[in-house]
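Sending over a structure as structure tokens; questions will come in a sec.
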Amino acid sequence: MKHSLFVADLHIGPERLQTTQIFEDFARRTASQAEALYILGDLFEYWAGDDDLTDPHHATVANALAELSRSGTAVFIMHGNRDFLMAGEFARTARARLIPDPILIDLYGTPTLLMHGDTLCTEDTAYLAFRARVRQAAWQMEFLARPLAERKAEIEALRQRSESDKQLKSIVEMDVHPDAVAAALREHGYPRLIHGHTHRPARHLHRVDGHDCERWVLDSWYDHGSYLRCDATGCTAIQI
């Protein structure tokens, strides 16, 4: 049966080589049997710019995606909060298409809204202010003009600060807000919703304006690999 696969929050990086190996095997053995693979943000732990493709580790992942695309599986990638600087050179090397967040697709007859999920966490106002700043074209142009080593050092410092800040944030701050979910579903015509970011995998049902809407939260790949498989009959979460 025709089907598509969805993953998010792989956080691939040199410090987690096992995750890279799991992903390569997943791409070759599992994703190659699907019509499409959608990566809904944070494929990488961080991305300092497309000139970092010369890193052998990053090149390995891009090549795995390119091979998957050559096998006949369409590859779609959404920016996450860690890898929003991925651009055209990476997409060309990986033979992938960068897609906007959010995007509404027809998934085997079911309207399905795809998001990374960070914009649904409206209680985390400090993060959303940071997100608005770094997504501006002027900020990105200035940042990418700096030497790669300098960019990577600053990102590493930001990562360390982010981990410290998480200790001070409540679960409510770091999870999606029900009102934000309802607003997104309402705006896009009450579709199914698939997203990542929160690392809290689950299937939720929402009643919005008299409409029943399904929401799938994708798992992270910190401890193991997992994916969502969707076809005309519905979706199923599968651990690797």
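Looking for something under 28 Å from ARG16 (Cβ atoms), β-branched (Val, Ile, Thr), open to solvent by 80 Å² or more (accessible area, probe 1.4 Å) and at pLDDT below 95 - is there at least one such residue anywhere in the range 146-166?
Among the residues of the range 146-166, not one is under 28 Å from ARG16 (Cβ atoms), β-branched (Val, Ile, Thr), open to solvent by 80 Å² or more (accessible area, probe 1.4 Å) and at pLDDT below 95, which makes the answer no.
Let me ask another. Any idea how many residues of the range 219-240 are in a strand (DSSP E or B) and not charged (D, E, K, R)?
Of the residues in that region, 10 qualify.
Given the condition open to solvent by less than 60 Å² (accessible area, probe 1.4 Å), charged (D, E, K, R), closer than 29 Å to THR30 by Cβ and modelled with pLDDT under 95, answer yes or no: does some residue in the range 82-91 qualify?
Yes - at least one qualifying residue is present in the range 82-91.
Among the residues of the range 131-151, which ones are more than 15 Å from ASP51 (Cα to Cα), of a type in the set (D, E, K, R) and not in a helix (DSSP H, G or I)?
ARG135
Looking only at the range 66-78, decide whether some residue is modelled with pLDDT of 95 or more, under 19 Å from LEU128 (Cα atoms) and either open to solvent by 30 Å² or more (accessible area, probe 1.4 Å) or touching an Asp or Glu at 6+ places or on another chain (Cβ under 9 Å) (or both).
Scanning the range 66-78, I find at least one residue that is modelled with pLDDT of 95 or more, under 19 Å from LEU128 (Cα atoms) and either open to solvent by 30 Å² or more (accessible area, probe 1.4 Å) or touching an Asp or Glu at 6+ places or on another chain (Cβ under 9 Å) (or both), so the answer is yes.
Residues are listed down the side, and each one gets a yes or a no for (1) within 19 Å of the chain's Cα centre (by Cα); (2) among the β-branched types (Val, Ile, Thr); (3) closer than 26 Å to ALA157 by Cβ; (4) outside any loop (DSSP other than H, G, I, E, B):
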| position | (1), (2), (3), (4) |
| --- | --- |
| GLU24 | yes, no, no, yes |
| ARG28 | no, no, no, yes |
| LEU37 | yes, no, no, yes |
| ASP42 | yes, no, yes, no |
| ALA64 | yes, no, no, yes |
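Further question on the same structure: Would you check if there is a residue in the range 135-146 being in contact (Cβ under 8 Å) with a residue 24 or more places away in the chain and under 19 Å from the mean Cα position of the chain (by Cα)?
yes
Oh, and also: Please enumerate the residues belonging to the range 115-130 that are part of a helix (DSSP H, G or I) and surrounded by 15 or more Cβ atoms within 10 Å (Cβ to Cβ).
Result: ASP118, THR119, LEU120, TYR127.
Taking only the range 199-218 into account, find how many residues are part of a loop (DSSP other than H, G, I, E, B) and either buried (at least 22 other Cβ atoms within 10 Å of the Cβ) or small (Gly, Ala, Ser) (or both).
2
Right, next: Does LEU114 satisfy the condition of being within 21 Å of LEU185 (Cα to Cα), of a type in the set (A, V, I, L, M) and touching a residue at least 24 places away in the same chain (Cβ under 8 Å)?
Taking the combined requirement at face value, the residue satisfies it.
For residues in the range 184-198 being closer than 14 Å to HIS116 by Cβ and not polar (S, T, N, Q), which is surrounded by the most Cβ atoms within 10 Å (Cβ to Cβ)?
Among residues in the range 184-198 that are closer than 14 Å to HIS116 by Cβ and not polar (S, T, N, Q), the one surrounded by the most Cβ atoms within 10 Å (Cβ to Cβ) is GLY196.
The values are calculated or read from the model by the stated rules, or taken from the named source; none is laboratory data. Every value quoted in this text rests on a predicted model; they were computed, and no experiment measured them. Virtual Cβ from ideal backbone geometry, glycine too; neighbours counted across all protein chains shown. Heavy atoms of the whole protein, side chains included, go into the accessibility calculation; ligands, DNA and RNA do not. Shrake-Rupley method; radii C 1.70, N 1.55, O 1.52, S 1.80 Å.
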